[in-house]
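The values are calculated or read from the model by the stated rules, or taken from the named source; none is laboratory data. All figures in this text were calculated on a predicted structure; none of them were measured in a lab. Cβ sites come from the backbone with ideal geometry, for glycine too, and all protein chains shown count toward neighbours.
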Amino acid sequence: MIQLRPIYVICMREFVKFFREKSRLLGTLARPILWLFVVGNGMNSLIKPQAGLSYMQFIFPGMIGMTILFSSIFSSISIVWDREFGFMKEMLVAPISRLSIVIGKAISGTLISVAQAIIILLLTPFLGIHLTFLQFVEIVAAAFLVSFCITSLGILIAARLTSFDGFNIIMNFLVMPMLFLSGAMYPVTSLPPTLRHLTHINPLTYGIDTFKHVLLKNSAPPMGPEFSLMLDLLIVTGISIVMLTFAALSFRRKE
Amino acid sequence: MGIINVQNLTKKFKSLTAVDGISFEVNEGEVFGFLGPNGAGKTTTINILCTLLWPTSGSATIAGYDCVKQPDEARSSIGLIFQDTTLDSGLTAYENLKFHAYLYNLDRKLTERRIDEMLDVVELQNRKHDLIKTFSGGMKRRLEIARGLLHYPRVLFLDEPTLGLDPQTRNTIWDFITTLRKKEKITVFMTTHYMEEAENCDRIAIIDHGKIIALDSPARLKAMVHGDVIHLVTADNKRAIEEIRRIFNISAQEENGGLVLEVEKGDEFIPSLLHSLPVQTLSVSLTKPTLNDVFLKLTGRTIRDEAFQDNKEITREFVRSHRRAQR
């Protein structure tokens with residue numbers, strides 16, 4: 001059911017193309033850097049440090065989450081590109097299972113997102129944020145899980161998207177709300193109750209909460225983590241499995 | 001038993017029957033053509049054979065493998081060249097071929113040798129490490145043929161292999177297919193709506209509205225049209241048809257603003273035709289029968305009139321269902 005060589009080569013293709021398209025790499029890295037460096041510094045002068053945290057320190061976990069969100073969604077949306085430009089057929093008529101294609105896409109999307117998260121982490125000393133080695137390792141580990149979760153969600157969406165026209169709708173009605181309702185930029189506890197409920201069904205909330213456990217360990221809500229680490233990990237893992245299963249199933253559908 | 005076996009194959013898209021109970025057999029090593037207008041059901045049949053679609057009823061086997069029950073085995077036995085390019089334009093020629101080799105689980109050492117071998121055949125060795133973006137339409141098509149053959153398939157499917165290519169490139173592609181046939185001993189199954197292209201096949205199935213209306217060698221099909229074909233343009237075609245029927249007892253058919261009639265010994269017939277026809281004749285020409293004349297005889301239409309009118313709906317319906325199927 002799962003064939004390793006096809007999965008390997010599907011991943012390789014994504015990596016080759018990712019590093020070949022420099023604009024995509026720069027684009028996804030520029031966003032969090034802009035937020036941290038420009039907005040973060042700008043807000044620092046406006047917002048007094050709360051509970052010993054500057055605004056830039058507060059949004060840092062959220063910016064890792066944002067990098068992963070955009071990178072993972074972009075990677076998985078490549079399925080729509082593949083379909084539009086015919087390459088998907090090359091994979092569909094090959095003697096490989098649909099599950100292998102989905103897993104290949106999920107792994108490559110995850111690894112590319114983690115790679116970008118690592119680049120952001122390596123840039124932190126220039127932003128005045130200092131991590132211990134242990135924190136670095138913990139964040140990378142969590143980044144794997146969160147990336148896998150968001151990529152799976154993206155693949156599920158991509159599998160159901162018929163054309164590229166739907167992409168803008170996904171960006172405006174899913175990706176941006178996911179970002180704004182995840183506690184990446186402000187504590188979600190300050191939101192009105194209706195919006196707060198939305199944050200609870202957002203997988204990214206739990207992902208970013210995991211990063212907060214590592215980075216803002218000593219802070220209490222609203223600035224620090226909201227849920228227990230166990231709950232965060234459980235929910236992110238659970239959502240990943242559900243999303244990936246549905247994605248594989250919707251790929252298998254055939255008339 | 002042929003390498004491809006199709007029995008009572010039917011495919012319905014909602015209310016529309018794209019393929020309507022067709023049966024045929026393709027022998028190992030032959031070039032078999034599906035000829036018909038757009039929307040006749042050619043691509044739908046190919047998509048069922050290559051397991052991208054499931055048939056509504058009937059059965060199809062390739063190299064002994066059932067297309068529904070053993071899709072993976074059937075898929076490893078075939079190579080496919082689709083109507084639209086399915087290369088990744090962001091990768092090089094070599095990377096596209098390597099990707100393919102991995103999907104088909106080709107032996108690692110064999111892969112490199114086979115890639116070079118196929119690139120030589122399609123004369124793209126010097127473009128091995130260039131991005132597909134920089135390739136012309138004909139080069140892309142050649143590379144796709146190389147890719148389709150990389151995993152030693154037993155049947156090569158070509159869906160409108162030269163659609164959208166200029167006549168010169170079309171000829172080059174056919175030269176490749178002929179050479180490949182000698183070298184690789186492969187069965188070729190192709191669809192086309194170009195008559196000239198269909199002439200290259202060993203056997204042709206003429207398909208219209210989802211049904212096979214004739215199946216034979218091009219020569220035998222053309223023999224169905226008796227004698228020669230005269231194309232005639234007159235000042236009043238309607239009246240000319242009546243007059244021809246009255247005087248010669250021959251039924252002429254209207255085509256592209258002119259008349260077509262079949263007669264034996266056309267060269268001797270023309271003088272008497274011009275002499276006795278009371279309608280002014282603007283031009284007259286004599287040809288040996290083509291497959292287009294066969295199609296005209298069988299259906300009363302030419303393939304080209306059909307192309308973009310009646311079957312728009314079929315095409316649209318197909319595209320929709322096809323997209324769904326690809327997910």
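Observations
- Residue that is nearest to residue A:231 (Cα to Cα) [pool: residues in segment A:149-200 that are polar (S, T, N, Q) and either within 14 Å of chain B (Cβ to nearest Cβ) or under 14 Å from the mean Cα position of the chain (by Cα) (or both)]: A:182
- Answer from B:178, B:169 - the residue that is surrounded by fewer than 19 Cβ atoms within 10 Å (Cβ to Cβ), polar (S, T, N, Q) and either outside the structural domain of residue B:41 (by TED's automatic domain parsing) or within 15 Å of residue B:29 (Cβ to Cβ) (or both): B:178
- Number of the exception - residue B:146 against (1) of a type outside the set (D, E, K, R); (2) surrounded by fewer than 22 Cβ atoms within 10 Å (Cβ to Cβ); (3) out of contact with any strand residue (DSSP E or B) (no Cβ under 7 Å at 6 or more places or on another chain); (4) within 22 Å of residue B:201 (Cα to Cα): (2)
- Elements of the type helices (runs of 4 or more DSSP H) sitting completely within segment A:193-255 and holding at least 2 residues that are surrounded by fewer than 14 Cβ atoms within 10 Å (Cβ to Cβ): these cover A:193-200, A:229-252.
- Candidates A:70, A:144, A:87 - the one that is surrounded by fewer than 24 Cβ atoms within 10 Å (Cβ to Cβ), on the phi < 0 side of the Ramachandran plot and either among the charged types (D, E, K, R) or within 14 Å of chain B (Cβ to nearest Cβ) (or both): A:87
- Filtered residues of segment B:194-223 (kept if closer than 24 Å to residue B:2 by Cβ and out of contact with any strand residue (DSSP E or B) (no Cβ under 7 Å at 6 or more places or on another chain)): B:197, B:199, B:208, B:219, B:220, B:222, B:223
- Every test in (1) in a helix (DSSP H, G or I); (2) free of Cβ contacts under 8 Å to residues at least 60 places away in the same chain is passed by residue A:48 save one, and that test is (1).
- Residue identified as in contact with a Phe, Trp or Tyr (Cβ under 8 Å, 6 or more places away or on another chain), modelled with pLDDT of 90 or more and either farther than 30 Å from residue B:179 by Cβ or assigned to a strand (DSSP E or B) (or both) among B:19, B:6: B:6
- Qualifying residue in segment B:60-82 (condition: out of contact with any helix residue (DSSP H, G or I) (no Cβ under 9 Å at 6 or more places or on another chain), over 27 Å from residue A:104 (Cα atoms), among the polar types (S, T, N, Q) and more than 9 Å from chain A (Cβ to nearest Cβ)): no
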